[in-house]
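This report refers to the structure that appears directly beneath it.
The values are calculated or read from the model by the stated rules, or taken from the named source; none is laboratory data. Keep in mind that this is a model prediction, so the values were computed, not measured. Backbone-built Cβ (ideal geometry, glycine too); neighbour counts: all protein chains shown.
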Amino acid sequence: MPERHADNFIPFNRPSVEGHELDYIKEAVEHGHTSASGPFSKLAVDELMAATGAADVLLTTSCTAALEMSAILLDIEPGDTIVAPSFGFVTTALAFVRAGAKILFCDIEPDTLSLDVDRLADIMDDTVKAVVPIHYSGIGGHIDEMCDVIARWPNADLVEDNAHGLFGSYRGKPLGSFGRFSTLSFHETKNFICGEGGALVVNDPADIDRAHVIYDKGTNRRAFLHGQVDKYSWQDVGSSFGLADALAAYLYGQLEQKDSILAKRRHVFDHYRNALTPLVESHGIRLPMVPDHCQQAYHMFYVVMPDGEMRNHVLRSMNDDGIYATFHYVPLHSAPGGVAVAARELACPVTDDISARLLRLPFFTTLGHDDLERVTESFIRAVEQF
């Protein structure tokens, strides 16, 4: 592992300030409302609603918290099952496991690395309450076909894990707008950040009132603030899901710079793609596939190597050069925790294969030209020396 504090070290990710984030945090503190549901929360929510076309958006402490809210809203309980990709982060499944569900781990398609729609159609049954695809790398996969499959099962809903995909779209429609719910992440590794944070996107207006009760620790506080009741009291299950307004201030400063951030990240993506395209034919590597009908969110740049041995060699070589490239998800279906919560054993051969061969290059908003050149030169040299 390279020395992470060395002057010439290139990390995998580096958070940045892109606009007025620090001024807004100071303003939030001076205003005196630093807890959830303050002035900057409203500004950030307005930006996110405009981007997604949602009926409502609730800022949460994390994408995990937003997924947990969706599990409560869907009344997930023991005996229910959830379909989630095996190639994904653990909390996509764990949020529903905590509510008592078992998981059907679905394989991914080899091109976009999204949930395999044909496999989904095979594994659906009457116990499935939700299908939770990940828009991997901010690319929508075959979301319309997925919706068609889910529509055949009236007890099942779509919940989009859109942690990678804010401002991405599929056939002109925003990612996160297809499901009954979707979730966002503003973790420091994402495109738009506030340290730790997330959001629940509510697409059905019928879910708004209960979502706010759950959000407000099980109380009807929102109805009280709107003058609909003379006091608020405990009504339902819930928890303390709200994002601090001081962090919403940071997030709003980022969202204000949407066009600039996306342009910078597109530059990073395009540089990698242009520099590495010659290796596709000469060395059998595979670059991200973005279908024509998908507008990606420029969340990451990954390379699928010909085999795991080459992948591991390149990772070691780049780390020796002071560049922190890394792998990605370890399959959930074969992890000890995944085996324990699986509804039934399902093979995920594409997940196993991709997980062993995928490599991610450093990718962050302020990654400059000289460092980009250094990353690609290190990668190419490692491939050619293998």
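Here are a few things to note about the model shown:
- Test: residue in region 311-323 that is over 21 Å from Leu279 (Cα atoms), among the hydroxyl-bearing types (Ser, Thr, Tyr) and outside the structural domain of Pro78 (by TED's automatic domain parsing): no
- Condition met for Val280 (β-branched (Val, Ile, Thr) and within 21 Å of the chain's Cα centre (by Cα)): no
- Lone qualifier among Val90, Val149, Val97, Val117 - being under 24 Å from Ile193 (Cβ atoms), β-branched (Val, Ile, Thr), surrounded by fewer than 23 Cβ atoms within 10 Å (Cβ to Cβ) and in contact with a helix residue (DSSP H, G or I) (Cβ under 9 Å, 6 or more places away or on another chain): Val90
So that you can scan it fast, the table gives a plain yes or no per residue for (1) among the acidic types (Asp, Glu); (2) within 25 Å of Val304 (Cβ to Cβ); (3) in contact with a Cys (Cβ under 6 Å, 6 or more places away or on another chain):
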{"site": "Asp7", "(1), (2), (3)": "yes, no, no"}
{"site": "Tyr24", "(1), (2), (3)": "no, no, no"}
{"site": "Glu27", "(1), (2), (3)": "yes, no, no"}
{"site": "Ser35", "(1), (2), (3)": "no, no, no"}
{"site": "Pro39", "(1), (2), (3)": "no, no, no"}
{"site": "Asp80", "(1), (2), (3)": "yes, no, no"}
{"site": "Phe87", "(1), (2), (3)": "no, yes, no"}
{"site": "Leu94", "(1), (2), (3)": "no, no, no"}
{"site": "Thr112", "(1), (2), (3)": "no, yes, no"}
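- Members of region 233-266 that are over 22 Å from Thr183 (Cβ atoms), not hydrophobic (A, V, I, L, M, F, W, C) and not in a helix (DSSP H, G or I): Ser233, Gln235, Gln257
- Here the condition is being closer than 19 Å to Asp216 by Cα and either charged (D, E, K, R) or out of contact with any strand residue (DSSP E or B) (no Cβ under 7 Å at 6 or more places or on another chain) (or both); of Gly19, Gly32, Gly38, it holds for Gly38 alone.
- Hits in region 327-379 (condition: over 29 Å from Glu188 (Cβ atoms), among the β-branched types (Val, Ile, Thr) and surrounded by fewer than 17 Cβ atoms within 10 Å (Cβ to Cβ)): Val339
- The set of residues in region 314-355 that are among the small types (Gly, Ala, Ser) and assigned to a helix (DSSP H, G or I) comprises Ser317, Gly337, Gly338, Ala340, Ser355.
- Take the conditions (1) under 30 Å from Glu373 (Cα atoms); (2) modelled with pLDDT of 95 or more; Asp7 misses just one of them, which is (2).
- Search result, residues across region 108-126 that are of a type outside the set (S, T, N, Q), assigned to a loop (DSSP other than H, G, I, E, B) and under 16 Å from Ile150 (Cα atoms): Asp116, Met124, Asp125, Asp126
- Of Met289, Met300, all but one fail to be under 23 Å from the mean Cα position of the chain (by Cα), assigned to a loop (DSSP other than H, G, I, E, B), crowded, with 21+ Cβ neighbours inside 10 Å and touching a residue at least 40 places away in the same chain (Cβ under 8 Å); the exception is Met300.
- Tally, over region 25-47, of residues that are part of a helix (DSSP H, G or I) and either modelled with pLDDT under 95 or in the same structural domain as Phe327 (by TED's automatic domain parsing) (or both): 1
- Selected residue [surrounded by 20 or more Cβ atoms within 10 Å (Cβ to Cβ) and touching a strand residue (DSSP E or B) at 6+ places or on another chain (Cβ under 7 Å)] from Met69, Met49: Met69
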